[in-house]
Amino acid sequence: MAYESTAVKKPVNLSVNSDLLRQAKELKVNVSQVLEVALASQVKRLREAQWLEDNKEAIDAYNRHVEENGLWNDAWRDALWSGKEL
């Protein structure tokens, strides 16, 4: 799930390593933008991990089904590559 990039910006108080902040300012780094990009990346990663956890049972069931029965197109794929007719 992406985030609403046009949502209103909200001020926050953060604690940041003072030397790192000093260097970033010297280099004219837009700290807010860097934080937003990093935060969006972290949120995406955590949402993906949560989705995998939430859907683990279904994914495992599907994988078991494929392992036991193969894919639905196995015969078609094998025939196509071997030149056989179905």
Next item on the list: Would you check if there is a residue in segment 2-12 being in a helix (DSSP H, G or I) and of a type in the set (Phe, Trp, Tyr)?
Entry: no
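Quick check on Val29: is it assigned to a loop (DSSP other than H, G, I, E, B), at negative phi, surrounded by 10 or more Cβ atoms within 10 Å (Cβ to Cβ) and aliphatic (A, V, I, L, M)? Full working, then the answer.
Details: assigned to a loop (DSSP other than H, G, I, E, B): yes; at negative phi: yes; surrounded by 10 or more Cβ atoms within 10 Å (Cβ to Cβ): yes; aliphatic (A, V, I, L, M): yes.
Yes, satisfied.
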Next item on the list: Just give me the residues in segment 51-84 being part of a loop (DSSP other than H, G, I, E, B), of a type outside the set (Lys, Arg) and farther than 30 Å from Ala2 by Cβ, in sequence order.
Entry: Gly70, Leu71, Trp72, Asn73, Gly83
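Throughout, read-outs are computed from the coordinates displayed, never taken from laboratory work. All figures in this text were calculated on a predicted structure; none of them were measured in a lab. Methodologically, a virtual Cβ is constructed for each residue, glycine included, from the backbone with ideal geometry; neighbour enumeration extends over all protein chains shown.
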